[in-house]
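The values are calculated or read from the model by the stated rules, or taken from the named source; none is laboratory data. On a predicted model such as this, the values are computed, not experimentally measured, just so you know. Virtual Cβ from ideal backbone geometry, glycine too; neighbours counted across all protein chains shown.
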Amino acid sequence: MTETQPTSYEDAFKSLQEIISKLENGELALEEALKLYEDGKKLSDQCASLLEKAQLRVSTLGADENEDIQF
């Protein structure tokens, strides 16, 4: 994985999937596996944060639409 973090959910999720595949293979040295695990944890946190922000935006948009409908 590169040192720069992906900027989109899709890129972060793809990178996370690649890390999971490497870890599941089980043929890594301990130090490399630990590094990948740390990177995967960061990506997982990033994905969760991006999803939370998206959910908040959708909730806000839904609330705005409901306010427009009520008279």
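Annotations for the structure displayed:
- Segment 49-71 residues that are within 30 Å of residue 6 (Cα to Cα), paired with ones that are part of a loop (DSSP other than H, G, I, E, B) and at pLDDT below 95 (beta carbon under 7 Å, 6 or more apart): none
- Members of segment 29-69 found to be farther than 21 Å from residue 8 by Cβ and modelled with pLDDT under 95, listed by number: 62, 63, 64, 65, 66, 67, 68, 69
- For residue 12: the one exception among (1) in a loop (DSSP other than H, G, I, E, B); (2) modelled with pLDDT of 95 or more: (1)
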